[in-house]
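Since the structure comes first, as structure tokens, the remarks are kept for the end.
The values are calculated or read from the model by the stated rules, or taken from the named source; none is laboratory data. Keep in mind it's a predicted model, so treat the numbers as computed, not measured. Positions of Cβ are backbone-derived with ideal geometry, glycine not excepted, and every protein chain shown enters the neighbour counts. When the accessible area is computed, the model is the full protein with side chains, heavy atoms only, and any ligands, DNA or RNA have been set aside. Shrake-Rupley method; radii C 1.70, N 1.55, O 1.52, S 1.80 Å.
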Amino acid sequence: MSTEGEGWHWPAGHDLILLDEVDSTMAEARRRRDLDRPTWIVARRQTAGVGRRGRAWGAPGGNLAATLVFAPGCPPATAALYSFVTSFALYATCLAYLDDRDAITLKWPNDVLLNGGKLAGILLESEGTMTGVGRLAIGLGVNLNALPEAAMIEPRALMPATLAEEIGEPVDPLEFLAFFAEHFAHQDRFFRENGFGPLRSAWLERAARLGDTITARMGAEEVSGRFLTVDEDGQLVIETPGGRRAIAAADVFF
């Protein structure tokens, strides 16, 4: 389709596939094996969205459900850091709508918060070898105009928030995505040219609950401690009663 819209444009070199309805944009990305350059797959309505660890993701009409598919050409450990690229690009996008930049914080490993409520979630899926990722899909769900059903919210999870409620007017999902796609393309270039260090520093400045006591759940194990930092590999570092611990993947609760 055309990459020009009403008052918005698309980053050069990126394609856009706009669907009226799909089970999930991530599932559609798996089915599309012929994409030969970075492509955003977007659905006006998503019927079976999936979040981290296979959980259902509610996507009422008026919200943003999208997946970017591209070839990052990097090792798996580097590809995993695209959750930080994505969340920081979302932060930058939200500043186009909000006067208070402190309203947006970034929750490790892959959420964006608005006034402490969950605004967006990010999901990464990669394909490749131990030495290189040939295909990376970044799924994105943003509560722009509507809250998910209460039944979709897990116990202990943060309550959701919408951007429209904060700014007092509806948000056009395609306009938001166009802004975000530009910010993502910029952050991607910066990440490729400068590595994780500068991005890590910028992300930590927006980190939710940095310095506070948090709980990380890894399967059946839970660990609580003070959130110290995110290390050079993107791992969560907390100070527990038993000492400092670096955690590669977990669900985090406040």
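Rolling a 1.4 Å probe over the protein heavy atoms of the chain, with every protein chain left in place, gives an accessible area that is 49 percent carbon and sulfur.
Computed extension length for Arg192-Arg217: 5.9 nm, one decimal, from 0.36 nm per residue of separation with the Cα-Cα distance subtracted.
Given +1 at the Cβ of Lys and Arg, -1 at the Cβ of Asp and Glu and no other charges, the dipole of the stretch 133-244 around its Cα centre is 400 debye to the nearest 20. Under a 5 Å amide H cut-off, with hydrogens placed 1.01 Å from N, Arg135 pairs with Glu127 among residues at least 5 apart or on other chains. Apply 1/(1 + (r/R0)^6) to the Cβ-Cβ distance of Glu21 and Ile167, taking R0 = 22 Å, and write down the FRET efficiency to the nearest 0.05. The computed FRET efficiency comes out at 0.25. Would you work out which of Gly139, Phe227, Phe184 lies farthest towards the positive end of the dipole of the stretch 135-254, given +1 charges on the beta-carbon of Lys and Arg and -1 on that of Asp and Glu, about the Cα centre? Positive-end residue among those listed: Phe227. For the stretch 88-178, the set of trypsin sites (Lys or Arg not before Pro) satisfying both a DSSP loop assignment and a count of at most 15 other C-beta atoms within 10 Å is given as Arg156.
Within the chain, which is the longest segment that contains none of the GluC sites (Glu not before Pro) sitting in a DSSP loop with at most 16 other Cβ atoms within 10 Å?
No qualifying site falls inside 7-148, the longest such stretch.
Hydrophobic long helices, here whole DSSP H runs in the chain with Kyte-Doolittle means of at least -1.0 and Cα atoms spread over 24 Å or more along the helix axis, are found at 173-194.
The residues of the stretch 163-254 expose, per residue, 50 Å² of accessible area to a 1.4 Å probe. Legend: calculated FRET efficiency, Ala77 to Asn115, from the Cβ-Cβ distance at R0 = 22 Å, rounded to 0.05, equals 0.10. Projecting the Cα atoms of Pro109, Ile247, Ser87 onto the dipole axis of the chain, where Lys and Arg carry +1 and Asp and Glu carry -1 at the beta carbon, places Ile247 farthest toward the positive end. Put a plus charge on the Cβ of each Lys and Arg, a minus charge on the Cβ of each Asp and Glu, and nothing anywhere else: the dipole of the chain about its Cα centre is then about 820 debye. Across the chain, Cα pairs under 8 Å and at least six residues apart give a relative contact order of 17 percent. Residue separation of Leu95 and Ala207 scaled by 0.36 nm, minus their Cα-Cα distance, works out to 38.7 nm of gained length. Between Arg32 and Arg156, the C-beta separation translates, for a Förster distance of 25 Å, into a calculated FRET efficiency of about 0.10.
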